[in-house]
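The values are calculated or read from the model by the stated rules, or taken from the named source; none is laboratory data. These numbers come from a predicted model, not from an experiment. Every residue, glycine as well, gets a Cβ built from its backbone with ideal geometry; the counts of neighbours run over all protein chains shown. SASA here: full protein model, heavy atoms, side chains in, ligands and nucleic acids out. Shrake-Rupley method; radii C 1.70, N 1.55, O 1.52, S 1.80 Å.
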Amino acid sequence: MRMGNTELFCAHLLGLYLIFSHPHTEGCGDFGSLPPKPNIHNFSDNQSLVVSWPRNKGASENDVYEIQISRTKSHTIIYNSNVSISTGDSGWSTFTWISDLPLECVDHSVRIRSLCHQTAPGPWSNWVTNHVDINVRCITFRKDSYPLLDIGDGVKAILVTNLTIPTIHIKRLFFSCIDSTGKSSLVQNFVSFPPQKPRNLNCISSDMKSITCMWDPGRKRDQSDTNNQTHTLFFENTGQAKIHCQPPSCTFPAVPQQQEYNIRLEVKDQLGEETATYSFNISDRVVTLDLWRRIKYRPSGIRDVTLLWKPPAFGTASSVKIQSYAVQWSQEGQTVTELKDSGQSQADIPIGPSRCNFTVQAVLSIGSFISAHIIVPPKDDAEIPPVKKRLSTTADGFHLWWDEQTLVTCGHTVEWCILGSKATCKLQWRKVPEGNNTFLPAGYFKPGQKYSFNIYGCTDYGDKLLETQTGYIQERNSVHPPRTIVPIKRTYASVTLEWHFDEEDPAQPAFITGYLIAVQEVKTHAHLGHAAISFNVSVDDPRQKSVTIEGLQQDQEYVCSVSALTTVGPGFPASITIRTKVNYFSHLAKILTPILLLLGCTVLLWPKRKMVKNGLREIFTYPAGMNIKTPEFESFLFETGQKLLSQRQEECISCDVEVLTVKPLRHESSNLRDPENTNTTCSPAPQSSLAPSCVPILTGYRPQSAVPLCQTPAHQQLVCIANKSYLSPITEFSEIRSSFEISDHLHGSCAERYGYISDS
């Protein structure tokens, strides 16, 4: 208890100290004096309330008062503001407030308090009310009476639906009120709207020194609208004071070394307030015009420059528009300016061979502009050609790399275009502020189309072409066929093919890596017995347009096809049929060889022709005592020839095999059969005898497809194999028969093979 009393005493002591130590600042009223008591005067003609109050003792001309106005008995605050009003000689301050509702319809109350140096507010005065002693009995709108709605606290209202906004310049509506005394009052009500939330708030900077924030304010307001709106920009993290803006933009200075900005835009009027927030990095909001150029050279030295630009991105803020473009260029001391419409994005300008400076300015609707600058260097006929590279194909996009050069001081630009397209190429470009690489996603490109990328380095004298890289996002093998050259160079063992093909044609759907030549032999009646020969020959150099195919047959037709090779396979082929020449030298050699041998022998033996003649006479002279007649000699030759013909080997046309199961005897053995038994059939033998006999070959010319007739008992099984050839009836033969012995307890097989030996 003692500790609690001590703390309470200290608290009271501190409070007394603060009260008596409060400084009496000059210009403020006596501290602790009563608040001013306001008076209210009602002027119903212009629906205004006039509030007046006397100045406190010691108050200065710079004192500030806070005034609040409320409606109804519950004192709903409808107005709150700080005012500084001169009192004049009368010692009274006066403030006039205009109501947006008829003062006769509802009670209005006012209270006031003083603010010493705008920091130390005094106590509030009591509410002073302008009472309405009469009740509203009827409200008429556009000559129609509507049921009254009791809002409370003496407030009456009517509900009117499907109202349209007036199209007149001053948007207002008139209605009349009739009170309980029968008095009618004509009232005008101005049409207004509550504030809308700012949309598409966006900020940009063109020089890193000032920042312009833009937004879409929404519904357009009439100048006659008395519900004035205020737009205030607050800075949450920079310590800058708030600024009042004029929609739809606001410009403020950038804070040095400040990168991140958090701002809040507040829109406020008598019907409410709305806010929008936005955070950004000023380095990402610097969006000059994206300016580029394309140059074409004339033989006369004139250069046609096409300036291309992309409009700055303002988001979707519809209130910020580009009104026009100003294109300016200067060359050799002369400056020319040309205006372009806001919908244009390029300008064609012919210039001379010397250096030319270009500037394009986008004039904005908010009064500012955004500019971009580019330099076209002088024409240099001795300029080193750019490095050419081929890009590897990737599915996700193009990964571009290039060598860094010391002369590049302000970044790089990559431009590309579809090669081989019938339509005019739409040039695309991308700025690379830093580094020596960039990635272009596959969504920008189409498969099977060749793209060329020119890489420029930005220097103090303009942009210089450094490298040219070509590639496909995806290669395809739908390459058109080469065009063969006729007539074809050919010999009896080789042909030489030649063709035309543009491997650098930009319309090709893939890189050409070489050529494939397919050779197919054409079958003829003379070569039906063997398979057709086919083989391929490849050419690895796409610039080589000829090939010699060797090792071919003479007087033979071949189909040769030529197709271009790609990394994804060969393209469409071009085919041609070629016949090799006849090798007349081989035929001539076959003819001349015996002739030359005969001539050589004749020449060598000619000196000894008598001796040779006598020797031949002795050889071809019949022996002594033999009397051979000519017909007998011819018969002898004929019979000899027939015997020789019978020994000629012929192909087996058919072969019959008949398989039966037989249980052979143990003592069965091979025996030699008499070939003269030609009319017997295959019959079973007794169990004690040999295996069944089979029909041998019949005399005379018989086809070997004749099947031997076999008969075996049910308890015997037989295997017969017959393979017979064509034989002449004039020849005598012997028969060989073979059999195999198998054990009694096994069911085996017996094979008989017949061969024939000539008796002659």
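Structure above, values below:
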item	result
Hits in region 526-582 - residues which are assigned to a helix (DSSP H, G or I) and of a type in the set (A, V, I, L, M, F, W, C)	Ala526
Test set (1) open to solvent by less than 20 Å² (accessible area, probe 1.4 Å); (2) free of Cβ contacts under 8 Å to residues at least 12 places away in the same chain - Leu289 fails condition number	(2)
Restricting region 548-595 to residues that are surrounded by fewer than 18 Cβ atoms within 10 Å (Cβ to Cβ), farther than 19 Å from Val486 by Cβ and hydroxyl-bearing (Ser, Thr, Tyr), the residue that is modelled with the lowest pLDDT	Ser586
Qualifying residue in region 185-200 (condition: open to solvent by 80 Å² or more (accessible area, probe 1.4 Å), outside any loop (DSSP other than H, G, I, E, B), more than 30 Å from Gln257 (Cβ to Cβ) and free of Cβ contacts under 8 Å to residues at least 40 places away in the same chain)	yes
Breaking point among (1) modelled with pLDDT under 90; (2) more than 23 Å from the chain's Cα centre (by Cα); (3) open to solvent by 20 Å² or more (accessible area, probe 1.4 Å), for Leu364	(3)
Test: Gln246 is without any contact (Cβ under 8 Å) to a residue 40 or more places away in the chain, within 30 Å of Thr359 (Cβ to Cβ) and surrounded by fewer than 18 Cβ atoms within 10 Å (Cβ to Cβ)	yes
Every pair of residues 6+ apart whose Cβ atoms lie under 6 Å, when the first sits in region 423-449 and is open to solvent by 80 Å² or more (accessible area, probe 1.4 Å) while the second is small (Gly, Ala, Ser)	Pro433/Gly411
Residue, farthest from Leu103 (Cα to Cα), within region 146-201, restricted to residues that are basic (Lys, Arg) and at pLDDT below 85	Lys171
Asp222 being in contact (Cβ under 8 Å) with a residue 40 or more places away in the chain, under 28 Å from Ser48 (Cβ atoms) and in contact with a His (Cβ under 8 Å, 6 or more places away or on another chain)	yes
Filter pass, Phe141 being open to solvent by 80 Å² or more (accessible area, probe 1.4 Å), closer than 30 Å to Val110 by Cβ and of a type in the set (Phe, Trp, Tyr)	no
Residue match in region 219-242 (condition: surrounded by fewer than 19 Cβ atoms within 10 Å (Cβ to Cβ), of a type outside the set (Val, Ile, Thr), on the phi < 0 side of the Ramachandran plot and within 41 Å of the chain's Cα centre (by Cα))	yes
Within region 398-422, considering residues that are part of a strand (DSSP E or B) and at pLDDT below 90, the one most open to solvent (accessible area, probe 1.4 Å)	Ile418
Scan of region 257-277 for residues that are of a type outside the set (A, V, I, L, M), assigned to a strand (DSSP E or B) and open to solvent by less than 60 Å² (accessible area, probe 1.4 Å), ordered by number	Tyr261, Asn262, Glu266, Asp269, Gly272, Thr275
Residue list for region 583-607, restricted to those being part of a helix (DSSP H, G or I) and of a type in the set (S, T, N, Q)	Ser586, Thr593, Thr602
Qualifying positions in region 327-352 - of a type outside the set (Ser, Thr, Tyr), at negative phi and open to solvent by 70 Å² or more (accessible area, probe 1.4 Å)	Gln328, Gln334, Leu339, Asp341, Gly343, Gln344, Gln346, Asp348, Pro350
Pick from region 493-507, criterion modelled with pLDDT under 90 and of a type outside the set (D, E, K, R), ranking: most open to solvent (accessible area, probe 1.4 Å)	Ala507
Criterion (exposed (fewer than 13 other Cβ atoms within 10 Å of the Cβ) and either modelled with pLDDT under 75 or farther than 27 Å from Leu186 by Cα (or both)) met by exactly one of Glu66, Glu61	Glu61
Qualifying strands (runs of 3 or more DSSP E) (wholly inside region 108-174; at least 1 residues being touching a Phe, Trp or Tyr at 6+ places or on another chain (Cβ under 6 Å), in contact (Cβ under 8 Å) with a residue 24 or more places away in the chain and under 17 Å from Pro35 (Cβ atoms))	108-116
